[in-house]
Amino acid sequence: MSDSTKYNPSAVEDKWYAHWEKSGIFHSTPDDRESYTILIPPPNVTGVLHMGHMLNNTLQDLLTRRARLQNKNACWVPGTDHASIATEAKVVRMLREKGIKKSDLTREQFMDHAWEWTDKYGGIILKQLRKLGASADWERTAFTMDETRYPIVIKAFVDLYNQGKLYRKNRMVNWDPEAQTVLSNEEVIYKEENAKLYHVQYKIDGADDYITIATTRPETILGDTAIAVHPDDPRYQKYKGQQAIVPMVYRTIPIIFDEYVDMEFGTGALKVTPAHDPNDYDLGQKHNLEVIDVLNDDGTISEAGGLYIGKDRIKARKLIVKDLEACSDLVKVEDLTHNVGRSERTNCVVEPKLSLQWYVDMKALAAPALDAVENDEVRFYPEKYKNTYRHWMTNIRDWCISRQLWWGQRIPAYYYKDKVYVEETAEKALAKAKKDFPKIKLSDLRQDEDVLDTWFSSWLWPISVFDGFKDQKELDYYYPTSVLVTGWDIIFLWVARMIMAGYEWKDNFPFKDVYFTGMVRDKQRRKMSKSLGNSPDPLELIKSYGADAVRYGMLSCSPAGGDLLFDEKLVENGRNFCNKIWNAQMLVLGWEVDSQIKTPKGNTLATEWVRNAMAETIVAVEKSYKEYRISEALITLYSFIWNDFFSSYLEMIKPAYQKPIDKETKAACIDIFEEICVHLHPFMPFITEEIWHNIKSRKKGEDCIATHYPAMKENIDVAIVEDVNLLRDILSNIRDIKNKKQVKPKDTVELTIVSNDEIDRCLHREGYVELLKKMGFVEKLDILKDDKDVKGIVFISGKTKIAVELNLVIDKKAELQKAREELKYQEGFVASVNKKLDNERFVSNAPAAVVDKERKKRSDGLARIEALKNIIKDLETD
């Protein structure tokens, strides 16, 4: 063990992580214990560790380590997501740098490059998580495109198709021109942006008259096939049965009348482009309008546009505006702020586009998943997200699951003539096709070119990680999983869909609890991003401060569902805590033991107090755990360790300088320190493992990570906790008075205590007076029945009046002012308690213990007020 006064994390973290991995403690196999299962929300295979990952995975590791200490069979399954759009984009970029175009490759050749890239760069994030201390079962590492997961995803598609819950249809979709694929509604991020509103006039065919419309997308004018107005709008009644001429392309289009049009909005006239707006498409279907698709998949103008062919839509927009102006059809241009949809992955402006795609009938799956959350079969923490979930589930739309990519699970649909055969393999599709076409060959079948949405593999994650369509034994043991830790921002994309998949294939929920984390922001509440330069490198933080300090910094300020306002000072606090723990260990281990010394009564009292105080702390910590108030659990534990164990208990039992300690006290101290290591281990695993081994000799396998929580104390002695806490308050007041009067901390004082039932009970405890004199450097202690002869500087502790004599001249004016301020505070405190107790609803509904506690607060407060009034009276009289 190092004798350094500062904890050196780099010296222990690699050592213990390697030890844990070698021991096999991370690995789980089914046995007769209760299972505790967590599945990592699979990060993109392209990803590297960022602060959001740090928070999410620290929480998962904490819960996993805690489950082990509870003697549960903890199984934390890691893995990565193949991330179709992001990965394909990276592979295309890599190929471009080598002078290779995707279009020059066959599908098989491209897939070879994609797998090569994935094998080389994929999974970096999982390696990085080890630095954090992640105790995941690495032997179970899964990948959504691996040999186990791939066929499960394909089977799910076939199952849904055979049940009529999946269909193919030509519908308006969200199109990403950069990735050249369709996006689901949840993959489109809307935000307000500045734009231009162009007012364009359309000439009435055969008349010297015009109708003016307004648009933000003048490039779509090329695809206009009607102008719509409201049937009751008096401005346009004269145009019934007439046609207008589209500027530049000079195509005649009908003027249609439909109640969909809002007469009050803009000019009351609406250009209709069925191929490029979902509402226009509906109008087109209703009025049997022509559909002209003027955009290619890459966002350039198509041949159907007639003009600006091959030009990017944004460049074409500028050219069109210029030409409209030249032919006097541009009436005016206004500045506008409106919502613009962008691709979540590429940030490209999304285009509405008519396309033939595959869809899941979500209404057919939603009901049991909605009921599960409404009835708390699946519990949300915090519960407020039930409202968000309910709103989405009751307004659910069908899920477009086909993507125009090569990297992903290829859709198992095989076409021949006008028939489609959906089967898990081409051979099975051929066998089915032969019933319709006996002479058909395998080469005659054409497989769908598209792949499935990445989320279509992710929604099966709780089933697929256990090979749940084949290995029923593993699934029966580990499923449903225990808790999902994830961000609230993917409640629709992932959480809801996993619940639906759980009921669809296993008739059960996939997890019991969902713990939603918030967004990691900086202390100015800004989202962390590279562009703002406010996102620290997690690995650099670990290198500078140590993993335990970083874990502490993250967990100490992360309310469930609330944003984490990250400040590096929190990590510094974690480092300071590590140093404090380390130095406390050095102090205790440095005490020499003399077996001949009899245990002082003060030490016995101090040990009994700290054991009961710890028992109270653990009750509070357990309550926080159950409610997923992880920050509260940590701060409660931290407060006990720092304030009660380090600052009070160790000082109470510490032997005099260069003097030995009795054997019983040191053994008790080591036992308590050991128990602290166990409770702190899920939060700060490395330093607790190191100290666990330093304070006692251990056999092989006797690791902190592998031990179990000590049995909770059945009967907590609340009175001893209160009595010694009163002693600590008295000592604090004595120290405060000495400090203010510039008296040395170890200078002796005379103490006078006015007797009452509270202090009398304390003083009769064995060891109490001994501790008071030792810790307070009290030379003389007087107990008076009343306060007539009290001399010195007076203070109130609890409801007891106490005076300290320092042989100094007392500033009565200052003491009077201090007493009056304290009286004002105590009167306000009692008033606030009375307000609670006067509330009939509180008294009727709150637990009896809570009401009794409030009544005791009032009683003690009134006693303090009475004592303060007497102090003020005495000072005013003198």
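The values are calculated or read from the model by the stated rules, or taken from the named source; none is laboratory data. Everything numeric here is computed off the predicted structure, so don't read it as measured data. Heads up, the Cβs are rebuilt from the backbone with ideal geometry, glycines too, and the neighbour counts pull from every protein chain shown. What goes into the accessible areas is simple: the full protein's heavy atoms, side chains included, and nothing from ligands, DNA or RNA. Shrake-Rupley method; radii C 1.70, N 1.55, O 1.52, S 1.80 Å.
Have a look at GLN201, GLY299, GLY776 and report the one farthest towards the positive end of the charge dipole of the chain, computed about the Cα centre with Cβ charges (Lys/Arg +1, Asp/Glu -1).
After comparing all options, I get GLY776.
Under 5 Å between amide hydrogens, which residues at least 5 positions from VAL422 or on another chain qualify, with H placed 1.01 Å from N in the peptide plane?
Residues meeting the criterion, in which the H sits 1.01 Å from N, are TYR414.
Return, ordered by residue number, the residues of region 386-400 whose backbone nitrogen is under 14 Å from a label point located 7 Å along Cα→Cβ of GLU374.
386-396
Relative to the longest principal Cα axis of the chain, at what angle does helix 630-639 sit, 0 to 90 degrees, rounded to 10?
Taking the Cα atoms of the chain, the angle to 630-639 is about 20 degrees.
Between LYS439 and TYR709, what is the label-to-label distance in nm when each label sits 7 Å out along the Cα-to-Cβ direction?
Result for the modelled spin labels: 7.4 nm.
How far apart, in nm, are the 7 Å Cα→Cβ label points at LYS601 and LYS785?
Result for the modelled spin labels: 2.4 nm.
Remind me, relative contact order of the chain in percent, using alpha carbon pairs under 8 angstrom and six or more residues apart?
Details: 1441 pairs, mean separation 105.6, N = 878.
With pairs under 8 Å counted, the relative contact order is 12 percent.
Binned at 5 Å from 0, what are the whole-percent values of the Cα-Cα distance distribution for region 632-712, short to long?
Going from the shortest bin to the longest, the percentages are 3, 13, 22, 24, 19, 12, 6, 1.
Taking only protein heavy atoms and a 1.4 Å probe, what accessible area per residue, in Å², does region 683-723 have with all protein chains in place? Intermediate values should be presented prior to the final figure.
Details: 2040 Å² over 41 residues.
The answer is 50 Å² per residue.
Let's test the formula: R0 of 35 Å, r as the Cβ-Cβ distance of LYS15 and GLU766. What FRET efficiency results, to the nearest 0.05?
Details: r = 45 Å, r/R0 = 1.28.
Here the calculated transfer efficiency is 0.20.
How much accessible area per residue does region 238-379 have, in Å², with a 1.4 Å probe? All intermediate terms of the calculation are to be shown ahead of the outcome.
Values: 7260 Å² over 142 residues.
About 51 Å² of surface per residue is accessible.
Can you give me the accessible area per residue for region 501-587, using a 1.4 Å probe, in Å²? Don't jump to the answer; show the numbers that get you there.
Numbers: 3610 Å² over 87 residues.
Accessible area per residue, region 501-587: 41 Å².
Under 5 Å between amide hydrogens, which residues at least 5 positions from SER402 or on another chain qualify, with H placed 1.01 Å from N in the peptide plane?
Sorted by chain and number, the residues that satisfy this are TRP358, ASP453.
Return the carbon/sulfur percentage of the accessible area of the chain, one whole number, probe 1.4 Å, all protein chains in place. Could the numbers behind the result be given before it?
Details: 19720 of 41320 Å².
That share works out to 48 percent.
How much length, in nm to one decimal, is gained on full extension between SER832 and GLN658, taken as 0.36 nm per residue of separation minus their Cα-Cα distance? Present the calculation step by step, with values, prior to reporting the outcome.
Values: separation 174, 0.36 × 174 = 62.64 nm, distance 5.00 nm.
Here the segment from SER832 to GLN658 would lengthen by 57.6 nm.
Report the Cα centroid-to-centroid distance between region 791-842 and region 275-318 in angstrom, as an integer.
When both Cα centres are located, 78 Å separates them.
Rg and Dmax of region 301-373 over Cα atoms: what are they, in angstrom?
So, for region 301-373, Rg and Dmax equal 20.1, 62 Å respectively.
Please report, to one decimal in angstroms, the Kirkwood hydrodynamic radius of region 175-297 built from all distinct Cα-Cα pairs.
Details: mean 1/r = 0.0646 Å⁻¹.
After inverting the mean inverse Cα-Cα distance, the result is 15.5 Å.
Going through region 330-437, which trypsin sites (Lys or Arg not before Pro) have at most 15 other Cβ atoms within 10 Å and a DSSP loop state?
On the way: sites: LYS332, ARG342, ARG345, LYS353, LYS363, ARG379, LYS384, LYS386, ARG390, ARG397, ARG403, ARG410, LYS417, LYS419, LYS428, LYS432, LYS434, LYS435; in loops: ARG345, LYS384, ARG397, LYS417, LYS434, LYS435.
Sites meeting the loop and neighbour criteria: LYS384, ARG397, LYS417, LYS434, LYS435.
Calculate how many DSSP beta bridges within the chain are antiparallel, expressed in % of all such bridges and rounded to the nearest 5.
Details: 65 of 97 bridges.
Percent antiparallel among DSSP bridges in the chain is about 65.
Kirkwood hydrodynamic radius (Cα pairs, Å) of region 76-218? Mind showing how you got there, number by number?
Values: mean 1/r = 0.0489 Å⁻¹.
By the Kirkwood definition, the hydrodynamic radius is 20.5 Å.
Using only Cα atoms, find the angle between the long axis of helix 568-590 and the longest principal axis of the chain, and express it within 0 to 90 degrees, rounded to the nearest 10.
40
Compute the angle between helix 497-506 and the longest alpha-carbon principal axis of the chain, please, reported from 0 to 90 degrees and rounded to the nearest 10.
Helix 497-506 and the main axis of the chain meet at about 80 degrees.
Kirkwood Rh and Cα-based Rg: tell me the resulting Rg over Rh for region 75-122, rounded to two decimals.
Numbers: Rg = 12.4 Å, Rh = 11.6 Å.
Looking at region 75-122, the ratio lands at 1.07.
Using helices alone, I'd like the mean residue ellipticity at 222 nm for the chain: each DSSP H run of four-plus residues gives -39500 (n - 2.57), total over residue count, nearest 500.
-13500 deg cm²/dmol
Which of the GluC sites (Glu not before Pro) across region 170-229 are loop residues per DSSP, with 12 or fewer other Cβ within 10 Å?
Details: sites: GLU178, GLU186, GLU187, GLU192, GLU193, GLU219; in loops: GLU178.
Counting only loop positions with at most 12 other Cβ atoms within 10 Å, none of the GluC sites (Glu not before Pro) in region 170-229 qualifies.
Over all pairs of distinct alpha carbons, what does the Kirkwood formula give as the hydrodynamic radius of region 582-654, in Å?
Details: mean 1/r = 0.0728 Å⁻¹.
Every distinct Cα pair counted, the radius reaches 13.7 Å.
Multiplying the sequence separation of ASP282 and ASP507 by 0.36 nm and subtracting their Cα-Cα distance, what value in nm do you get?
77.3 nm
Classify region 1-139 as rounded, prolate or oblate, taking a ≥ b ≥ c as the square roots of the eigenvalues of its Cα gyration tensor: rounded when a/c is under 1.5, otherwise prolate if a/b is larger than b/c and oblate if not.
Details: a/c = 2.94, a/b = 1.83, b/c = 1.60.
It comes out prolate by the Cα gyration axes.
I need the per residue convex hull volume for region 727-797, using only the alpha carbons, in cubic angstrom as a whole number. The partial results should precede the final answer.
Working: hull volume 5.8 nm³, N = 71.
Hull volume normalised by residue count: 82 Å³.
Less than 14 Å from a label point 7 Å out along the Cα-to-Cβ axis of LYS580: which backbone N atoms in region 642-680 qualify, by residue?
What the label zone holds, given the 14 Å backbone N cut-off, is 642-651.
Which of the aspartates and glutamates could be linked to LYS813 by a straight reach, that is with a Cα gap under 19 Å, when you skip same-chain ones fewer than 8 residues away?
ASP736, GLU805, GLU821, GLU822, ASP874, GLU876, ASP878
So the label point goes 7 Å from the Cα of LYS873 along Cα→C-beta, right? Which residues of region 810-844 then have their backbone N under 17 Å from it?
So the set is 816, 819-820, 823-824.
Considering amide H positions built from the backbone, and no H for Pro or chain starts, which residues 5 or more places from ALA195, or on another chain, come under 5 Å of its amide H?
LEU336, THR337, HIS338
Would you kindly work out the equivalent ellipsoid of the chain from its C-alpha gyration tensor and give its semi-axes, the square roots of five times the eigenvalues, largest first in whole Å?
On the way: eigenvalues 949, 259, 115 Å².
After scaling each eigenvalue by five and taking roots: 69, 36, 24 Å.
Taking all protein chains together and a probe of 1.4 Å, list TYR515, TYR190 from the most accessible to the least accessible.
Details: TYR515 5, TYR190 140 Å².
In descending accessible area the options line up as TYR190, TYR515.
Provide, in order from the shortest bin, the percent of all Cα-Cα pairs of region 574-705 in each 5 Å bin, continuing until the bin that contains the maximum pair distance.
2, 10, 20, 22, 20, 14, 8, 3, 1, 0
Within region 62-147, list the trypsin sites (Lys or Arg not before Pro) lying in a DSSP loop whose Cβ has at most 11 other Cβ atoms in a 10 Å radius. Don't skip to the answer; put the middle values down first.
Values: sites: ARG65, ARG66, ARG68, LYS72, LYS90, ARG93, ARG96, LYS98, LYS101, LYS102, ARG107, LYS120, LYS127, ARG130, LYS131, ARG140; in loops: LYS72, LYS98, LYS101.
Filter output for region 62-147: LYS98, LYS101.
Could you compute the FRET efficiency for ASN643 and ASP146, with r as their C-beta to C-beta distance and R0 at 45 Å, rounded to 0.05?
Values: r = 50 Å, r/R0 = 1.11.
Here the calculated transfer efficiency is 0.35.
Could you give the distance between the Cα centres of region 439-474 and region 643-684, to the whole Å?
57
Which distance in nm do the two modelled labels at ASP335 and LYS623 give, with both placed 7 Å along the Cα-to-Cβ direction?
So the label points at ASP335 and LYS623 sit 5.6 nm apart.
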